[in-house]
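Visitor: There's a structure below that I have some questions on.
Derivation of every value follows stated rules applied to the coordinates shown; laboratory data play no part. None of these values were measured; they are calculated from a predicted model. Note that we place each Cβ from the backbone using ideal geometry, even for glycine, and neighbour counts take in every protein chain shown.
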Amino acid sequence: EADVRRRSIEALFEKGALADGLGAVEQLMRSNDRRSAQTAVELLGNLESKAAIERLGEIARLDARPEIQLLAAESLGGAAPSESALKTLLGLVENHPREEVQRQAVESIGQIEGPETARALEQIARTHRSEQVRVTAVEALDEQSPAMHEVLLRLLREAPSLGVRLAAMEALRDTPVPAEAWVWLVERMASSNPYEPREATIRSQLAFLD
């Protein structure tokens, strides 16, 4: 029965025949069937309303199923309006108790187009309490975007975290980078922890200067 209801609502969505899409999604969320909940979350991402975005944020924060929390955070990356989606995702990055959800929220931020995205990812990469989340923010930056390329260069030169600098280095691997930036970073790497050998990493990056 749950499977029939799920497929019926999906079909109505595809035809644009639902007057109250949010209400239909709530029917699926009330089901104990995991596939119905997954469908509901995916459909919420297509509703293009602030109410749907708020509901996705609520699911990401409060749903008892970890995989549904993650899916809600992922669905926010394609939700509209993008300004509301970005605000909700930033709240998850800052406040969600599970680092896995925080990292998924960062990846979803990287999918949002707009001038605020690069600034948001740079702030996360510089200041988030979790090293893994900071590195995820760097990985979410698209080096083909001029604005994000500039962010990566700044992080390569200025980020307080060595892990973030290394992630920026990796992201810029195939793009022209001033030689002094590589030299500066390699010197910082060599001196940052004298008890942790980094010769192999240093040699591999110095190859870019040849």
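Visitor: What is the Cα coordinate range of segment 43-188 on the first, second and third principal axes, sorted by size from largest, in whole angstrom?
Guide: Dimensions of segment 43-188 along the principal axes of its Cα atoms: 49, 27, 20 Å.
Visitor: Now, a different point. Mind ordering 80-88, 60-68 by average Cβ neighbours within 10 Å, highest first?
Guide: Details: 80-88: 18.2, 60-68: 14.6.
Per-residue mean Cβ counts within 10 Å order the peptides as 80-88, 60-68.
Visitor: State, in angstrom, two size descriptors of segment 32-73 derived from its alpha carbons: Rg to one decimal place and Dmax to the nearest whole number.
Guide: 9.4, 26
Visitor: Working out 0.36 nm times the residue gap between residue 162 and residue 49, then minus their Cα-Cα distance, what length gain in nm do you get to one decimal? Intermediate values should be presented prior to the final figure.
Guide: On the way: separation 113, 0.36 × 113 = 40.68 nm, distance 3.98 nm.
That works out to 36.7 nm of additional length.
Visitor: Also, I was wondering about something else. Evaluate the distance, in nm, between pseudo-label points positioned 7 Å from the Cα of residue 100 and of residue 67 along their respective Cα→Cβ axes.
Guide: Rounded to a tenth, the inter-label distance reads 1.0 nm.
Visitor: Same structure, new question: Treat each spin label as a single point 7 Å out from the Cα along the C-beta direction, and report the residue 132 to residue 107 distance in nm.
Guide: In this crude spin-label approximation the distance works out to 1.2 nm.
Visitor: Projected area of segment 40-109, taken from the Cα convex hull and averaged over every viewing direction, in nm²? It would help to have the intermediate numbers written out before the result.
Guide: Details: hull surface 14.5 nm².
Its average projected convex-hull area is 3.6 nm².
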